[in-house]
Amino acid sequence: MKKKALSILLAGTMVLSMTACGGSSSTGETADTTAATEETQTEEAATEETATQDTATEETATEASDTAAAPAGSIRLLNGKPEINDQLKELAELYKTETGAEVVIETIGGDTSAGDELKKMYQADNMPDIFVIEANQAATWDGMLADLAGEDWTNKTGFELVDDAMGTIGFPYTVEATALGYNADILSAAGVDPSSLTSPAAWQAACEAIDAKKDELGLTAVFAWCAEPTNLGWSSGTHVFGQYLDSGLKADDTTYIDLLNDGGQIDETRMKHFAEFVGMMNQYSDKDHLLVDGTYDEQVAGFKEGKFAFITQGNWCVTSPDDVSFEVGFAPYAFEDGMNTIIAGPPSYWVAYKDGNVDAAKAFFNWCAGDSAQNILVNKAGLVSPFDDCQYEATNPFYKSMKSYIDAGNYSGWHTMLKKDGLQNDTCQVFADYAKGSIASADEFVEKIGAVIKAYYAE
């Protein structure tokens with residue numbers, strides 16, 4: 001991996017991190033909450049960005065405040081991914097064994113926002129030494145985060161979070177990616193080479209070839225694509241829309257997010273090409289159900305069962321080799337010729353509170369980038385390592401494909417979360433109308449989404 005510090009304008013993957021939080025439940029001794037199902041987590045993602053999700057329950061808040069009684073000399077880490085709570089506790093135990101230092105893991109998740117809980121902790125003068133943020137939340141903590149520049153771990157990754165004002169502030173503990181996930185067995189049976197899918201023409205030919213063998217292959221449709229706006233608006237309005245912003249670009253290219261944030265402008269030519277690609281997905285999706293009123297669980301289950309060749313999600317939708325009986329990989333949203341990137345980056349970062357035990361936090365970060373911690377994080381927590389020298393391959397079935405793109409430098413930044421808060425709640429309806437046919441063409445899609453975006457930025 002080529003060494004490159006990603007600035008705050010590169011990443012911002014809040015929704016990705018939240019959608020990756022479905023899975024097993026866990027309880028802890030501090031602020032741990034029960035992990036929600038994948039669908040609950042993904043619904044939370046849509047409301048997390050707009051700051052409209054419900055505040056934590058009184059019980060959760062009480063649990064969080066109880067964590068102030070951490071053992072003397074220890075440091076506290078607030079984790080926002082409840083599905084890896086047990087593994088982080090194991091990590092802390094190993095750290096104490098190897099170094100003698102103690103890390104207390106406090107997990108927030110389920111129906112509780114880590115961001116909301118952090119605000120309460122700050123107001124109560126009960127801040128943890130290490131906590132989790134998404135890149136676009138850095139400004140919230142301006143002046144309150146330690147600069148980690150010069151630490152040993154920064155020489156082993158290109159995914160640290162760098163802020164122009166605060167310096168190197170974010171420790172990346174995993175990398176996640178999104179593009180069009182594919183079932184390699186289906187593509188092979190249809191004679192489609194996924195490496196060829198770098199142009200609209202190649203995609204159209206692939207869809208036609210797979211659709212022609214749909215009955216023979218036992219498929220419901222070519223794409224597991226759902227544009228239902230109420231519960232999956234985060235997916236269309238953020239992840240899929242994010243492809244318009246970043247597909248085909250280098251990770252540090254902010255051309256289209258900058259244009260968007262300059263009063264809600266869009267590049268109409270690029271947006272039309274994108275709309276034509278989405279129109280193709282609409283055509284080859286399950287129009288009888290999934291496309292217009294399906295659920296996340298139905299979308300993912302159908303893909304895992306081999307009923308669809310492609311899925312519009314990321315590596316979080318298939319997390320274990322036991323999930324599928326076929327090889328999976330990623331193909332780019334190539335709505336213009338030559339597009340060959342996936343969107344990849346850390347879903348969130350660990351940061352050190354400036355008024356906490358910074359030296360102990362720095363020592364912990366350096367240890368986490370080493371072999372002992374990487375063994376647990378990759379092999380037991382199922383994360384994808386952001387560190388160049390990690391010897392462990394993630395168990396995630398998408399890992400091989402992700403790594404091939406990242407190693408080749410063919411990955412785009414996650415800029416979709418740097419758009420104006422809540423925009424996805426309006427743009428998702430445009431995707432839904434397009435899927436239902438009330439928007440009849442790519443030109444009309446461009447007109448409608450352009451007007452929606454312009455109006456939202458004018459508010």
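The values are calculated or read from the model by the stated rules, or taken from the named source; none is laboratory data. Just so it is clear, the model here is predicted, and its values are computed rather than measured. Quick reminder, even Gly has a Cβ in these numbers, built from the backbone with ideal geometry, and neighbours come from all protein chains shown. Side chains are part of the model used for accessible areas, which takes the heavy atoms of the whole protein and leaves out ligands, DNA and RNA. Shrake-Rupley method; radii C 1.70, N 1.55, O 1.52, S 1.80 Å.
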Original post:
Is there any pair with a first residue in region 367-381 that is at pLDDT below 95 and a second that is of a type in the set (A, V, I, L, M) and surrounded by fewer than 20 Cβ atoms within 10 Å (Cβ to Cβ) whose Cβ atoms are under 6 Å apart and which are 6 or more apart or on different chains, and what are they?
Top reply: none
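Among the residues of region 97-156 satisfying the criterion of being assigned to a loop (DSSP other than H, G, I, E, B) and of a type in the set (S, T, N, Q), which is modelled with the highest pLDDT?
ASN126
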**OP:** Report the residue count in region 262-298 for those that are farther than 20 Å from ILE439 by Cβ and either touching a helix residue (DSSP H, G or I) at 6+ places or on another chain (Cβ under 7 Å) or in a helix (DSSP H, G or I) (or both).
**Re:** 6
Subject >> Members of region 175-184 that are buried (at least 24 other Cβ atoms within 10 Å of the Cβ) and either aliphatic (A, V, I, L, M) or under 20 Å from the mean Cα position of the chain (by Cα) (or both) >> reply: VAL175, GLU176, ALA177, THR178, ALA179, LEU180, GLY181, TYR182
Subject >> Given (1) open to solvent by 20 Å² or more (accessible area, probe 1.4 Å); (2) part of a helix (DSSP H, G or I), index of the condition LEU187 fails >> reply: (1)
Original post:
Looking at GLY167, GLY218, GLY191, GLY248, which is the one that is at pLDDT 95 or above and either among the basic types (Lys, Arg) or under 30 Å from LEU148 (Cα atoms) (or both)?
Top reply: GLY167
Subject >> Selected residue [in contact with a strand residue (DSSP E or B) (Cβ under 9 Å, 6 or more places away or on another chain) and surrounded by 18 or more Cβ atoms within 10 Å (Cβ to Cβ)] from VAL358, VAL378 >> reply: VAL358
Original post:
Would you say LEU249 is in a helix (DSSP H, G or I), more than 18 Å from PRO194 (Cα to Cα), touching a residue at least 40 places away in the same chain (Cβ under 8 Å) and not small (Gly, Ala, Ser)?
Top reply: no
